[in-house]
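What follows is a short report on a single structure.
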């Protein structure tokens, strides 16, 4: 009943806020529905069997068109990340002419185009600092909901939690990867918020997210959390841009984090993490040990298919490129287990280049935004940008061990960097038709 009430409250409240308050609430609702995934939950019998995500997207388009002129100044191609996103989409469209698995490629292409359109509309809607903050909180609350479900159902006999994921991240590893970037955002808002209620909300979301990551027991997400929190903490301690008593508060945060980790991390999670180096040969661990062979096979495949062979191409060609002696379980048609090599085998060298350049453009954009904030002595938002970077770092680490090239959360993290660039740079720099966005990116920048 509690899950049902949460969903109904969020869904109806999101529609009301989007129409009565601000259109950007429609994307926040989209985020929440993505994580709640209502039709796949055990409480779905309590609600009509409708495509709730579809109606949320319709809501986004409706409120966007209602104030169409107001959003026209947010030019999509002014954000450098979007041209690479569009090139990835174009790559999948072109791969339709030679994909080895035409139906799989068509399914992937259509869904990715839908995602690109949604991200484009969201960029138009999220054009102020306040709206960006709402979307970050939406991400945190959605991820916390997954953590709440983990708390409710507990681990299965294998020491994992399955069947609680989202539409595009149904397995345990994908689910953990989807929520791990939100952990550092909760840390940021707990640290920076002056309101005790906001601090409490950030603490609660962070606790549920962290507990969910531990219960799901994904080694890649453990590494992602360590990298993300370490990235953000290093800046808290050593950046020359400091709030009053920042180093003392940062050390206090780390101390609290260690206490929290000691409370929620159990023996099962420790054993799972240490199994990265163990020699036990369970079927699951065998997969992790042989990933380097999959990656080498992907490199060999790229030599024969320099423009890729469409979605899931590696699974189709894996038997031809994997060594005969390699134990791969019941099937030799295996996933490549890395987004980088997924890009390489799906779209070839151009696909890998597009992914690298999209991420590079994201960090260049946040660097420009951070410089603009430092010029205004806006330290709080400067660290918001660092938290967004750290969230992207988390997903980059996690997706390096699984196929997430077309994952929603990757493009959410990129979207956050694009919106920040629009809000803090483009809206404060006089634009010319052709030169302003390019010049703003090539300006000398220091952290």
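The values are calculated or read from the model by the stated rules, or taken from the named source; none is laboratory data. Being a predicted model, the structure only gives us computed values, none of them experimental. No Cβ is skipped: glycine too gets one built from the backbone with ideal geometry, and neighbour counts run over all protein chains shown.
When you look at residue 363, is it surrounded by fewer than 18 Cβ atoms within 10 Å (Cβ to Cβ) and under 30 Å from residue 132 (Cα atoms), yes or no?
For residue 363, the condition - surrounded by fewer than 18 Cβ atoms within 10 Å (Cβ to Cβ) and under 30 Å from residue 132 (Cα atoms) - is met.
The requirement of being in the same structural domain as residue 224 (by TED's automatic domain parsing), within 30 Å of residue 96 (Cβ to Cβ) and part of a helix (DSSP H, G or I) is fulfilled nowhere in the range 308-331; no residue meets it.
Would you please name the residue that is surrounded by the most Cβ atoms within 10 Å (Cβ to Cβ), looking only at residues in the range 63-77 that are part of a helix (DSSP H, G or I), over 22 Å from the mean Cα position of the chain (by Cα) and touching a residue at least 12 places away in the same chain (Cβ under 8 Å)? Once the filter is applied, the top-ranked residue is 63. Considering the range 181-234, and only residues there that are touching a helix residue (DSSP H, G or I) at 6+ places or on another chain (Cβ under 8 Å) and not in a helix (DSSP H, G or I), the residue that is surrounded by the most Cβ atoms within 10 Å (Cβ to Cβ) turns out to be 218. Considering the conditions (1) farther than 30 Å from residue 206 by Cα; (2) in a helix (DSSP H, G or I); (3) touching a helix residue (DSSP H, G or I) at 6+ places or on another chain (Cβ under 7 Å); (4) in contact (Cβ under 8 Å) with a residue 40 or more places away in the chain, residue 107 is excluded by exactly one of them, (3). Per the listing 315, 320, 408, the residue uniquely over 22 Å from residue 79 (Cβ atoms), surrounded by 18 or more Cβ atoms within 10 Å (Cβ to Cβ) and out of contact with any helix residue (DSSP H, G or I) (no Cβ under 6 Å at 6 or more places or on another chain) is 315. Looking only at residues in the range 127-163 that are closer than 23 Å to residue 27 by Cβ and more than 17 Å from the chain's Cα centre (by Cα), the one that is surrounded by the most Cβ atoms within 10 Å (Cβ to Cβ) is 149.
The combined condition, being at negative phi, outside the structural domain of residue 353 (by TED's automatic domain parsing), under 20 Å from the mean Cα position of the chain (by Cα) and in a helix (DSSP H, G or I), is not fulfilled by residue 59. In the range 160-172, the count of residues that are in contact (Cβ under 8 Å) with a residue 24 or more places away in the chain, in contact with a helix residue (DSSP H, G or I) (Cβ under 9 Å, 6 or more places away or on another chain) and part of a helix (DSSP H, G or I) is one or more.
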